[in-house]
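The structure under discussion appears below in the form of structure tokens.
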Amino acid sequence: MTTLGVPVSGDRKVSPLRLVFSVRSAALPVDLALLVVRVVLTWIFVYYGAGKLFGAFNGGGIHGTSLYFSNVAHLHPGGFWAVVGGLIEFFGGIAMALGLATRLAGVALFGDMVMAMITVTWATGLDSSPGYQINLAVAALSLVMVFMGAGRVSVDALIDRALAARGDKRSQ
């Protein structure tokens, strides 16, 4: 039986680490598709996270993002939420690139997009610019990573194999 890609058999307990780092065995095209999703999410989130934190890519930096969050998104204190959003996006994007703790990063990035929709883009609607269509698409891709995991081409896969080997040695 498989639950979220974590092998479970009989009475064996699955460690929380295996839940976070487990990788489902899949056909090569599925693993390649997961890699493509990770690359796309990496670019999007590192781009916007670096803009929030460092002012990269014509971003506002922490000060500009703080003002935007306070005045437009009505998130107070703006500085706190600018740092939180920037950290989630930048480091969540890096985690996606590496395929490290991908499920946790996916949950954080999904939450980030839900907050963006609730606080900024929902009022403008789906068919306007800026609407929430991009937030919705990126949130859906983040959920794909939560449910599917990173695939074989990832640090998660290496950790999963190491945890499985360690568990096999302990049961002998």
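Panel order for D31, D156, by other beta carbons found within 10 Å of each beta carbon, from fewest to most: D31, D156. Arranged from fewest to most other beta-carbon atoms within 10 Å of their beta carbon, S129, S70, S142, S154 become S129, S70, S154, S142.
Along the chain, counting only trypsin sites (Lys or Arg not before Pro) with a DSSP assignment other than H, G, I, E or B and at most 12 other Cβ atoms inside a 10 Å radius, the longest segment between sites is 14-172. With 0.36 nm allotted per residue and the present C-alpha distance subtracted, the V114-F147 stretch has 10.2 nm of extension available.
Calculate, for L158 and Q133, the FRET efficiency according to 1/(1 + (r/R0)^6) with r their C-beta to C-beta distance and R0 30 Å; round to the nearest 0.05. Once the sixth-power term is evaluated, E becomes 0.25.
In a reduced charge model with +1 at each Lys and Arg Cβ and -1 at each Asp and Glu Cβ, the chain shows a dipole moment near 680 debye about its Cα centre. Under a Gaussian network description of the chain, with springs only between Cα atoms under 10 Å, the residue in G99, G151, G131 that fluctuates furthest is G131.
When T65, T121, T42 are sorted by how many other C-beta atoms sit within 10 angstrom of their C-beta, beginning with the fewest, the order is T42, T121, T65. For the options A139, A97, A56, a Gaussian network treatment of the chain with springs between C-alpha atoms closer than 10 Å singles out A56 as fluctuating the most. Which of A105, A123, A95 ends up with the largest GNM mean-square fluctuation for the chain, with Cα atoms connected below 10 Å? Highest fluctuation of the listed residues: A123. Secondary-structure-derived ellipticity at 222 nm for the chain, considering helices only, amounts to -21500 deg cm²/dmol, per-run term -39500 (n - 2.57) for DSSP H runs with n ≥ 4.
Read-outs: derived from the displayed coordinates by stated rules, not from any lab. Note that the structure is predicted; figures quoted are calculated from it, not measured. So basically every Cβ, Gly included, is an ideal-geometry build from the backbone, and we count neighbours across all protein chains shown.
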